Amino acid sequence: MGVRHFSLIIALATSLVPGAAVRADLNYRAEITGAEDSDLTDLLDKVSELKTLEDKPPASEEALRRRADRDLGRLIDAAHSLGYWDAEFSYDLDTDADPAKLTVKVTPGPLYHVAAVNVLGPDGLPLSIPPDERKLPLKPGEPARTAPVVATETALLTALGDSGHPFAKVENRRVEIDKSAQTMDVTYTLDRGPVEHFGPVTVEGRHLPQDPKDSAIL
């Protein structure tokens, strides 16, 4: 038996020994620190795959770092959604701990606020909206969060529909973040569409009583 043939047999035998060539999963625990806003803390914990997948450990340190790198982008989007548009994230991994410890550090930065909410028509001129603007979810001075931006768009279309414009539609929605002023401006461009009216009202079926006293039998 040649040396090369013997070496191949040894390598094959080793690969068949349970655990000899199998690398154990890397158990870890993740922690997100630096967020003082409880809403931000709760949201980061909720969207973080590092947190939600702790019970599904990766196969190696490299795989865990890939998971962490993906998580940073997700966490940045979450911070933006609550008005922290300057938020920065980084992480540190301690593989000497058992289980390994992965710490995500967030620097939220200042909380941005809404500076202006503009509603324009297709011609670029201000569009009159029936309801008191205080009823809109997005208000100047409030935190520059993204959820009220979408909710306000829906509220504007509903208001136009209630005022006789059932086919109103959004032509554009522009969100502008001013880093120097730490503010957000939102501009909606809406097409109200034509005013619609109800047609004649008819009643079919049983006729209404002519004598008010007969109404008791209805």
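The values are calculated or read from the model by the stated rules, or taken from the named source; none is laboratory data. What you see is a predicted model, and the numbers here were worked out from it, not measured in a lab. Backbone-built Cβ (ideal geometry, glycine too); neighbour counts: all protein chains shown. The area values use the complete protein model at the heavy-atom level, side chains included, leaving out ligands, DNA and RNA. Shrake-Rupley method; radii C 1.70, N 1.55, O 1.52, S 1.80 Å.
Starting from residues that are among the charged types (D, E, K, R) and in contact with a strand residue (DSSP E or B) (Cβ under 6 Å, 6 or more places away or on another chain), keep the ones in region 56-98 and report whichever is nearest to Leu26 (Cα to Cα).
Asp94
In region 90-108, the residues that are part of a loop (DSSP other than H, G, I, E, B) reach residues that are of a type outside the set (Ser, Thr, Tyr) and modelled with pLDDT under 95 with C-beta atoms within less than 9 angstrom, at least six apart or across chains, in these pairs: Pro108/Glu36.
Only a single item in (1) in contact with a strand residue (DSSP E or B) (Cβ under 8 Å, 6 or more places away or on another chain); (2) farther than 14 Å from Met184 by Cβ; (3) assigned to a helix (DSSP H, G or I) is not met by Thr152, and it is number (2).
Quick one: would you say Arg173 is within 23 Å of Trp85 (Cβ to Cβ) and either open to solvent by 80 Å² or more (accessible area, probe 1.4 Å) or part of a strand (DSSP E or B) (or both)? So that I can check it myself, show each step before the final result.
Working: within 23 Å of Trp85 (Cβ to Cβ): yes; either open to solvent by 80 Å² or more (accessible area, probe 1.4 Å) or part of a strand (DSSP E or B) (or both): yes.
Judged against the criteria, Arg173 is a match.
What residue, among those in region 134-143 that are over 14 Å from Thr158 (Cβ atoms) and of a type in the set (D, E, K, R), is modelled with the lowest pLDDT? Among residues in region 134-143 that are over 14 Å from Thr158 (Cβ atoms) and of a type in the set (D, E, K, R), the one modelled with the lowest pLDDT is Arg134.
Can you spot a residue in region 136-147 that is open to solvent by 60 Å² or more (accessible area, probe 1.4 Å) and of a type in the set (S, T, N, Q)?
Step one: of region 136-147, the residues open to solvent by 60 Å² or more (accessible area, probe 1.4 Å) are 139-140, 142, 145, 147.
With the extra rule that they be of a type in the set (S, T, N, Q), the set shrinks to none.
Within region 136-147 (the criterion being open to solvent by 60 Å² or more (accessible area, probe 1.4 Å) and of a type in the set (S, T, N, Q)), the answer is no, since none of the residues qualifies.
Quick check on region 124-139. Is at least one of its residues in contact with a His (Cβ under 9 Å, 6 or more places away or on another chain), on the phi > 0 side of the Ramachandran plot and of a type outside the set (D, E, K, R)? The answer is no, given that none of the residues of region 124-139 is in contact with a His (Cβ under 9 Å, 6 or more places away or on another chain), on the phi > 0 side of the Ramachandran plot and of a type outside the set (D, E, K, R).
Evaluate the following for Ala63: is it farther than 30 Å from Arg145 by Cα, modelled with pLDDT of 95 or more, open to solvent by less than 30 Å² (accessible area, probe 1.4 Å) and not in a loop (DSSP other than H, G, I, E, B)? Reasoning before the result, please.
On the way: farther than 30 Å from Arg145 by Cα: yes; modelled with pLDDT of 95 or more: yes; open to solvent by less than 30 Å² (accessible area, probe 1.4 Å): yes; not in a loop (DSSP other than H, G, I, E, B): yes.
The answer is yes for Ala63.
Counting residues in region 187-204 that are at pLDDT 95 or above and in contact with a helix residue (DSSP H, G or I) (Cβ under 9 Å, 6 or more places away or on another chain) gives one or more. When residues of region 72-115 are filtered for being open to solvent by 30 Å² or more (accessible area, probe 1.4 Å) and within 18 Å of Thr189 (Cα to Cα), how many remain? Number satisfying all stated conditions: 1.
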